[in-house]
Amino acid sequence: MANFTTNYNLTKPTRATDTADINVMNSNMDIIDGQLKTNADAAAAAQTNLNNHIADYVRHPGYAVTTGSSNIYAITLNPAPTSYVDGMGVVIKPNATNTGASTLNVNGLGAKPIKKQNGDDLSSWDFRLDTIYTLRYSASANSGTGAFILQ
């Protein structure tokens, strides 16, 4: 009577004097090959899911220090978003204090106004150098053209 491995039910010889059976070896190899393929597919799916999660700026905001000049801010996120999405979050650290109405351009997608929660433009000193701010993109803000809302 043959012995079998615990996890993959591979056939093992029963006695030290048993000879190798090519059919048993091939069957075991097919089982191992199938499991390796299953494991590789699962790892690839997990990597895809992880990459999608990392790029989901609605569920968790991206962080960057801004570039540009006062009132005209830009950031680069990695991975790069391909478009502005309603609810997209960014956490920024301005490289300059603003002096009035301001915009933010994320990864070259186009400058969008930054608004207060009541819809007003930023006033002087609403963004201070080296202070961290959270913004959320609203596609319906700014008469439907979209804007980042200061949280």
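The values are calculated or read from the model by the stated rules, or taken from the named source; none is laboratory data. In this text, all values refer to a predicted model and were calculated from it rather than measured experimentally. Neighbour counts are summed over all protein chains in view; Cβ atoms, including those assigned to glycine, are modelled from backbone coordinates with ideal geometry.
Filter the range 60-74 down to the residues that are part of a strand (DSSP E or B) and either in contact with a Gly (Cβ under 8 Å, 6 or more places away or on another chain) or acidic (Asp, Glu) (or both) and list them by number.
Passing the criteria: GLY62, ALA74.
Which pairs turn up if I take residues in the range 130-141 that are closer than 11 Å to GLN117 by Cβ and at pLDDT 95 or above and look for partners that are surrounded by fewer than 19 Cβ atoms within 10 Å (Cβ to Cβ) and of a type in the set (D, E, K, R) with beta carbon separation below 8 Å, at least 6 apart in sequence or on another chain?
So the pair list comes out as SER138/ASP86.
Out of ASN39, ASN28, ASN95, which single residue is farther than 30 Å from PHE148 by Cα, modelled with pLDDT of 95 or more and either assigned by TED's automatic domain parsing to the domain that holds THR134 or buried (at least 16 other Cβ atoms within 10 Å of the Cβ) (or both)? Before the answer, list the steps.
Details: ASN39 fails: either assigned by TED's automatic domain parsing to the domain that holds THR134 or buried (at least 16 other Cβ atoms within 10 Å of the Cβ) (or both); ASN95 fails: farther than 30 Å from PHE148 by Cα.
The match here is ASN28.
Kindly list, by first and then second residue, each pair from a residue in the range 66-83 that is within 12 Å of ASN105 (Cβ to Cβ) to a residue that is of a type in the set (Lys, Arg), limited to pairs with Cβ atoms under 8 Å and residues at least 6 apart or on different chains.
THR66/LYS93
Please verify whether VAL90 is part of a loop (DSSP other than H, G, I, E, B) and of a type in the set (A, V, I, L, M, F, W, C), treating the condition exactly as stated.
On the way: part of a loop (DSSP other than H, G, I, E, B): no; of a type in the set (A, V, I, L, M, F, W, C): yes.
Taking the combined requirement at face value, the residue does not satisfy it.
Every residue in the range 1-59 that is farther than 30 Å from THR76 by Cβ, in a helix (DSSP H, G or I) and of a type outside the set (A, V, I, L, M, F, W, C), please.
Applying the first criterion (farther than 30 Å from THR76 by Cβ) to the range 1-59 yields 1-42.
Of the ones still in play, those that are also in a helix (DSSP H, G or I) are 22-42.
The answer is ASN23, ASN26, SER27, ASN28, ASP30, ASP33, GLY34, GLN35, LYS37, THR38, ASN39, ASP41.
Quick check on my filter: what residues within the range 110-134 are exposed (fewer than 15 other Cβ atoms within 10 Å of the Cβ), more than 12 Å from GLN151 (Cα to Cα) and among the hydrophobic types (A, V, I, L, M, F, W, C)?
Passing the criteria: TRP125, LEU129.
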